[in-house]
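In what follows, a structure is listed as structure tokens, so that the remarks can point back to it.
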Amino acid sequence: MYELPIRRLRIYDRPKVESHFNSLDVDALTSRFGTPVDLSFVQSYLSEIFDNASLVFGAFPDSCLRGVGELRTLPGHQAHVAEAAFTVETEWQDRGIGDALLSRIITAARNRGIREVHMLCLATNQKMRRLAAKHDADLKLITGQIEATLTAPWPTPLSVAEEISGEYHAMARAILTWPVSNRRAG
């Protein structure tokens, strides 16, 4: 299988992120937020997605943003604790994008000294439950939801190099596959 390009998203990627969330159907949005949400909720959420407490990653399997993963530190915790969440467009699910995003999120957490990563999903979301279990998460049922807790290992020089290398390769691929119509004339 090919290496899936995942890179950190920045504020200038906001239009891509908004387009991604606007392409999600009702079921995907309900799975992401744990409850049905309307367009105004999504827009309010997106207005704060790039705040200082978040790292946002994007998956680009075909040079277009098809999945978004977030790692958000939880305020008020003495220990380094964060929450992870992600979305993958329905037609791009079951292709390893969620797994790749979660792996990248765990690496990012590890390299920032975050020891616990929490994820919530609906109890009926079998895909997320399997994915969390694949990454050795501790799963706990809480009133119709599953809380998955992942313990990130301590950072190593190799884990830091892995993150830097992944970022470099994703950016290089983005540059090399940039549509000709978007390139500046030399």
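Values computed for the structure shown
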read-out	value
Furthest towards positive pole of dipole, Ser23, Ile11, Phe41, structure part the range 1-50, Cβ charges	Ile11
Cβ-placed point charges (K, R +1; D, E -1), dipole of the range 6-180 about Cα centre in debye, nearest 20	360 debye
Alpha-carbon centroid distance for the pair the range 86-126 / the range 146-165, whole angstrom	12 Å
Calculated FRET value between Asp62 and Lys140, using beta carbons and R₀ = 41 Å, to 0.05	0.70
Neighbourhood net charge (14 Å Cβ-Cβ; Lys/Arg +1, Asp/Glu -1) for Leu29	-4
Per-residue Cβ neighbour rank within 10 angstrom, fewest leading, Leu4, Leu122, Leu158	Leu158, Leu122, Leu4
Fewest-first sequence of Ile175, Ile105, Ile97 by Cβ atoms within 10 Å of each Cβ	Ile175, Ile97, Ile105
Mean Kyte hydropathy of -0.5 or more with a Cα span along the axis of at least 15 Å, helices from DSSP in the chain	97-111, 157-176
Estimated inter-spin distance, Ser44 and Asp27, nm [label 7 Å along Cα→Cβ]	2.7 nm
Candidates Glu83, Glu70, Glu162: whichever shows maximal mean-square fluctuation once the chain is modelled as a Gaussian network with Cα springs under 10 Å	Glu162
Rel. contact order, % - alpha carbon contacts under 8 angstrom, at least six apart, the chain	21 percent
Reported label for calculated log10 I(q)/I(0) by the Debye sum over Cα atoms at q = 0.09, 0.16 Å⁻¹ given [x] -0.37, -1.00; [y] -0.32, -1.05; [z] -0.34, -0.91	[y]
Interchain or long-range residues, amide H under 5 Å from Leu9's placed H	Val56, Phe57, Gly58
Extended-chain gain in nm, criterion 0.36 nm per residue less alpha-carbon gap, Thr149 and Glu18	44.4 nm
Residue order, fewest to most beta carbons within 10 Å, for Cys121, Cys64	Cys64, Cys121
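Only the coordinates and a few stated rules stand behind these numbers; no lab work does. Just so you know, these numbers come straight off a predicted model, no measurement behind them. No Cβ is skipped: glycine too gets one built from the backbone with ideal geometry, and neighbour counts run over all protein chains shown.
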